[in-house]
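Readers should treat all values here as calculations from the given coordinates under stated rules, not as data from a laboratory. Keep in mind that this is a model prediction, so the values were computed, not measured. A quick note on method: Cβ atoms are made from the backbone with ideal geometry, for glycine too, and the neighbour counts reach across all protein chains shown.
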């Protein structure tokens, strides 16, 4: 997958030299240890191993109708304003491209070994134990250094820069959504999932394959889609 | 075997596939919710087949009684005209009739193409 | 004070002097947005409101958003309104409107602008580059002559905006230093610029010139492409990274959720045959089957059920509705298969999009041209000379040659450029307007398919206004009922129940007065119907054309997805006013929105009055009075709820009648009286205008000698 930053993450498709890191940690049973204790573990070399998120968003880019309602709902739910630049889910589309390459749904992967959490100097970006270890940025602790933005290995980067408030932000599975009636987080409602008119976004507790770039893009089209005359392939 | 499935002679096949002069056109509309009613016309049974082809989002619009008369007098295929009258009478709804006429005309046009080798 | 829903500023472009200025939105707030905002801006900025051709340099064109744009109001976030004096109408090109969807209005709001006022004429072709609050008028000599798609791609490239969808964040700052400066940081976006442009049809100032955005969002009616062409304005591009404040985000999200849960058929187990406007599944509005199942539904921003598609086959993207069938009757002449029929039709849609050519003129116009050719009147060496290869009629090649000629004022395009009815007169074909061979029923515009002789509110609303109204508010009745009859299926709603539900929402003029919906012969010129037409004008002027609720999904009168069959319109949980209030904080009632629409409608009539309008010119084309709407001509029946002799409501076939010219004159008098217009002229009176807070408009009319006389 192309990236828009110098990639130093553990993503295997970006930097083969670092692919061994995850393998080593897995071999040492570090992830399972972290999962068992439910708490981050700081290794001797200052690497942070964090518990897995208890929730993930998966998407079906072939299904999306490109209406941007998810982006509006996201920014409204979090900040009370409607803004695509502040949306923690991004819909990219090109009117002059053909299906299915005309739409990309970019959501935060709640990475197992989240580089944005790793790099945060203040601990603002952390796996929140009170909310299912979702990787979220505490705006009170964020100093706007943008290191997290630089470290995200995906294109587009899954963190947003709030240029008015001078902080970064990211998908928190709607933990911090004062403008939603219901509770968010892994046990609650996600504004984008609920807002999507066609059901192109889904919440799951099962962590998608971390070694695959495409594992978060799934097929959410079923019999009804076929009845509407559209492909379910 | 009925009149529409009996072997077709070359002259009938020619008339079925020919395009009639503009003055003998038959008005056909299309109801497309929510756009409206599109006006158009047909000048051959081949065009009628396309106009009647069932599809989920729109309905062909035509006067079925006058259609039979047009097929008999202008197109010159009395067997098809009789078939149209029969299925119209037997159908429980306008759409059902259109569907039955479509199948009849589709088969008639295909037969004409086989006879003429086109 | 925060103007919730608004960006707070209006962009004023002086193309003559290539200057850019800013106007505050606050003083226009009472007009709402969209059409209301635009009409008020037109009143203030157009110095000569007597002009009757939109290509006159005094014309002012306004692009206006609504507070709801860029918010998830269901099917209320994506439309955009265009206003100004139009081109190609007959006998007068009125101050008129058009609309388009897509991403433009959302992006304009994100950039910090509520509207754009376009005044003057540039000395050479220009395009306007809006990046947040930075606005540049740039040279468009390299773009002039390019089609609408190539233009947009070229502008993207010139801005360094990425193509495709594999791109990262686009930093709008010119330098790293800007990005680091909190006062100057322009922010980032993953989105592409939203570009509105003209193609050759507009560049050559033809009546068919339209505005096009992305691949298939077109503002077709009114000839605004010609207006831009006359101003040497090729395109406006906008990219924004800002935010739209709303008064009550919680209430807004809640109302959206309620709409989805209660009023929309569930996407997991839909009722495909639901009777509803907002409650249907996403489905492209095609006139023939889509070419492939390899596709997605595609929607304007904020839409709850998209009406377009993007395909894998490389054509037809984002086209929908009429442009996917403007050429259908012709293609049927030559297509050998349904597959070929579908492909040629959709490629013909691409042609009109690229040329920026309003395909609606072919709705009945193509039929007329074919008639003229087949009758030996039009063709090489004929009375109407044309070198077009008419023997290729129905092929894609002919479609392209036809659109090319009409867009470049070549061949018959030279005469059609100023208007089709004008061309008919020039060609000596006035007779066709009597016989109905040319079904252009009002103001030089084609009849829409909802014949004025049958569906009264459509025809009356159009002729009492400025254009084919294109407002499907009540038309869903005809569609639902007629289709059910055609399939011999049970009615989801019987006539009495249906009209009762609708009438319950027609406050204030027709609340609980179902008789206003009776279009039967005995009631067709009544005060009842006049009240319906009034309600329709006022509702659409505010809720549809100012607040910008989409015509496809609103109003939602009846809805078989709900337990009581009542739709979202005017409801307490998801009505239009509920969304308006959640965004703006205005706290209006549904009726107050109707009243706002009345004010806007009356400002329009004041402008038409200055342009020279008089009741004597408010008449349909002769065929409406002289030729019956032939039974079975387009469809076997045209069903509508009417009362029978016993006063019982039944679905009745409205085909087979004409309008009576004298009775229509009386209807006009009734309508004018109800509106408070001078019944002799149709002009607004001082009492009426002052009551709407428009005393200065009355002053202008008086100065022009066109103020209506007060009634008894």
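Reported to two decimal places, what Rg/Rh ratio describes chain B when computed on Cα atoms with Rh from the Kirkwood expression? Write out the running numbers ahead of the final one.
Values: Rg = 13.8 Å, Rh = 14.4 Å.
Value, to two decimals: 0.96.
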Per-residue average of other protein chain Cβ atoms inside 10 Å, peptide C:63-73 -> 3
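Report relative contact order for segment C:509-651 in percent, whole number only (criteria: Cα-Cα under 8 Å, sequence separation at least 6).
On the way: 118 pairs, mean separation 31.6, N = 143.
Computed over segment C:509-651, the figure is 22 percent.
Hey, got the average number of other protein chain Cβ atoms within 10 angstrom for residues in B:40-50?
Numbers: counts 11, 8, 3, 3, 2, 0, 5, 7, 1, 3, 11.
Partner-chain Cβ atoms within 10 Å, mean over residues of B:40-50: 5.
By counting other Cβ atoms within 10 Å of each Cβ, how are C:668, C:109 ranked from fewest to most?
Fewest-to-most Cβ neighbours within 10 Å comes out as C:668, C:109.
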Separation in nanometres of the label points that stand 7 Å from Cα toward Cβ, at residue C:178 and residue B:6: 8.3 nm
At 222 nm, what value in deg cm²/dmol follows for chain C if DSSP H runs of at least 4 each add -39500 (n - 2.57) and the sum is divided by all its residues, to the nearest 500? -9500 deg cm²/dmol
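If you average 1/r over every pair of different alpha-carbon atoms in segment C:500-585 and take one over that average, what Kirkwood value in Å do you get?
Numbers: mean 1/r = 0.0729 Å⁻¹.
Kirkwood hydrodynamic radius for segment C:500-585: 13.7 Å.
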Do you know the relative contact order of chain C, to the nearest whole percent, from alpha carbon pairs under 8 angstrom that are 6+ apart? 14 percent
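Please compute, for peptide B:56-65, the average count of beta-carbon atoms on other protein chains lying within 10 Å of each residue's beta-carbon. It would help to have the intermediate numbers written out before the result.
Numbers: counts 7, 9, 8, 6, 2, 9, 5, 7, 2, 2.
Counting Cβ atoms of other protein chains within 10 Å of each residue's Cβ and averaging gives 6.
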Enter the Cα centre distance for the pair segment C:654-695 and segment C:40-80, rounded to the nearest angstrom. 25 Å
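Based on the Kirkwood radius over alpha-carbon pairs, what is the Stokes-Einstein translational diffusion coefficient of chain C at 20 °C with 1.002 mPa s viscosity, in µm²/s?
On the way: Rh = 25.8 Å.
For the chosen part, D equals 83 µm²/s.
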So how far, in whole Å, is the C-alpha centre of segment C:383-400 from the one of segment C:449-520? 39 Å
Report the Cα centroid-to-centroid distance between segment B:71-118 and segment C:255-275 in angstrom, as an integer. 40 Å
Footprinting proxy, B:52, C:68: sorted fewest to most Cβ within 10 Å, the residues are B:52, C:68
Take every DSSP beta bridge with both residues inside segment C:9-239 and express the antiparallel ones as a percent of the total, to the nearest 5. 75 percent
Counting all C-alpha pairs of segment C:120-229, share separated by more than 17 Å (%): 60 percent
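For the residues C:73, A:224, what sequence is obtained by ranking on other C-beta atoms within 10 Å, fewest first?
Values: C:73 34, A:224 18.
Listed from fewest to most nearby Cβ atoms, that is A:224, C:73.
Kindly rank C:243-251, A:198-206, C:403-411 from highest to lowest mean number of other beta carbons found within 10 Å of each residue. Please list the in-between numbers first.
On the way: C:243-251: 22.2, A:198-206: 17.4, C:403-411: 20.7.
Peptide ranking by packing, descending: C:243-251, C:403-411, A:198-206.
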